[in-house]
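Report on one structure; see the data block that follows.
The values are calculated or read from the model by the stated rules, or taken from the named source; none is laboratory data. What you are looking at is a predicted structure, and each value in this text was computed from that prediction instead of being measured. Using ideal geometry, Cβ is built from the backbone for each residue, glycine included, and neighbour counts are taken over all protein chains shown. The accessibility values were calculated without ligands, DNA or RNA, using every heavy atom of the protein model including side chains. Shrake-Rupley method; radii C 1.70, N 1.55, O 1.52, S 1.80 Å.
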Amino acid sequence: MPGMIDTHRHMWQSTTRGYGADWTLTQYFVWFYLNWGKKFRPEDIHAGNLFGAVEAIDSGVTTVVDWSHGLQTIDHADAAVDALASVPGRFVLAYGNIQDAPANWTGTPEFRKFFDRRAGDLEGFQIAFDVTGDPAFPEQPAFEVARELDLAVTTHAGVWGATGDDAVRLVHENGYAEPRTVYVHASTLSEDSYARIAATGGSVSVSTESEQSAGQGYLATAALRAHGIPVSLSIDSCVLSSGDLFTAMRTTLGADRAYEHLRAHARGETVTHASLHADQVVEWATRGGARAIGREGDLGSIEIGKKADLVLVRNENSPAMTPLLNPHGHVVLQAQRAEAEAVLVGGRIVKRDHRLVGGHTR
Ligand SMILES: [Zn+2]
């Protein structure tokens, strides 16, 4: 299968993997935003990104958007990129800083210099910040910087209690809703917001595991499919959920179907044929991610002329891999990261015989 593409992962948090297994979003905010996130040093960001990057390629995720909102200084940002550049995967840095207003940190000469100096070490560069819904739209200067540097904005949107319809409306009404804009979660929005996203061609990054557990809102795939909004999948943070897209695909298919059945039963009806199929979810985890980051031309599918980012899904020691009757269904509902026998990035073997090869991998 094509290498999987994660469009939203807070890789700097990988050193706290699993710690928030029982957290709600409120507890996550208190821990990372209010109390301890600001204590992270550049070397902590480096360690998290390194762990996260190695984990990604090991599980067949060959491209990750590192939604890096812990970059309190340029030293933190350099540490993030140093770690990503040392691992043979594709990494897009979505530069962010939760400890300061986006208009402040995007407006500094140091930020511009960093972009000029380090963008070449990455597969791509985005600007990551959230829109509060304040009618004064204080995020406007940050959108202007993104436009000036010709960069996409990625933003948590439709997160219960944090950012909602006002944010989507302000982005749209002020002319910053673009096809390359990535809305993360988009799970508690009105029909009006989905219509605005659809009309401007933006895409949504769905983090089902995190949303189900932490409470950003019920996954929006039913609304996104109804509005024809492109979907990609993401992990969010391995402090809250798993770090592999096999699990993301599985939970997304299950959650979408559960919602379809639930709504039908409320009407006294029966769903005889599920409307979301496994092949669609595999598409979201691969080509959907490529589309979201503007790389559909060379990533996301196995085609002549595209990069050879590949995952060999095979495990001769696993009874779960026989028989193989429905390949897409097998990838989504049977396989796990242990079945990623080999992984290639741009034709380079980074994992073979179920073991990572090269540096950082023993
Ligand atoms: Zn997030």
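Entry for the range 129-287 at q = 0.16 Å⁻¹: log10 I(q)/I(0) = -0.90, Debye formula applied to identical alpha-carbon scatterers, no solvent contribution. Kirkwood-type hydrodynamic radius, the range 255-362: 16.3 Å, calculated from all non-identical alpha-carbon pairs. Can you pull a Stokes-Einstein diffusion coefficient for the range 1-124 at 20 °C (1.002 mPa s), Rh from Kirkwood over Cα pairs, as a whole number of µm²/s? The Stokes-Einstein estimate is 145 µm²/s.
Extension gain, Asp134 to His277, is 47.6 nm, computed as 0.36 nm per intervening residue step minus the present C-alpha separation. Rounded to the nearest 10 square angstrom, Lys307 shows an accessible area of 90 square angstrom against a 1.4 Å probe. If you wrap the Cα atoms of the range 129-198 in a convex hull and average its projected area over all directions, you get 4.1 nm². Provide the FRET efficiency to the nearest 0.05 for the Asp353-Glu110 pair, computing r from the beta carbons and using R0 = 45 Å. E(calc), rounded to 0.05, equals 0.50. The alpha carbons of the range 310-356 occupy a box of 29, 20, 13 Å along the principal axes, longest dimension given first.
On the beta carbon distance between Ala101 and Arg147, with R0 = 22 Å, the FRET formula returns roughly 0.75. Summarising the strand pairing of the chain, around 30 percent of its internal DSSP beta bridges are antiparallel. Computed with a 1.4 Å probe on the full set of protein chains, the accessible area for Val87 sits at about 10 Å². Among the DSSP helices (H) of the chain, those spanning at least 20 angstrom by Cα along their long axis with an average Kyte-Doolittle hydropathy of -0.5 or more are 42-58, 245-266; this is a geometric and hydropathy rule only.
Each Cα pair under 8 Å and six or more residues apart adds its separation to the average, and for the range 4-292 the resulting relative contact order is 20 percent.
Please compute one quarter of the surface area of the Cα convex hull for the range 196-253 and express it in square nanometres. Could you put the intermediate results ahead of the total?
Details: hull surface 15.4 nm².
Across all orientations, the range 196-253 yields a mean hull projection of 3.8 nm².
Assuming R0 = 25 Å, can you tell me the calculated FRET efficiency for the pair Leu312 and Asp82, based on Cβ-Cβ distance, to the nearest 0.05?
0.25
Using a probe of 1.4 Å on the protein chains alone, the accessible area found for Leu312 is around 70 Å². As a fraction of the 1.4 Å probe accessible area of the chain, surface on carbon and sulfur atoms comes out at 52 percent.
Taking N as the residue count of the range 90-212, its C-alpha radius of gyration divided by 2.2 N^0.38 Å amounts to 1.03. Report, in whole Å, the centroid distance computed from the Cα atoms of the range 136-174 and the range 8-27. What the calculation gives is 24 Å, centre to centre.
Of all stretches in the chain that contain no GluC sites (Glu not before Pro) in a DSSP loop with at most 12 other Cβ atoms within 10 Å, the longest one is 1-268. Over every Cα atom in the range 4-292, the radius of gyration and the widest Cα-Cα span, Dmax, amount to 18.0, 61 Å.
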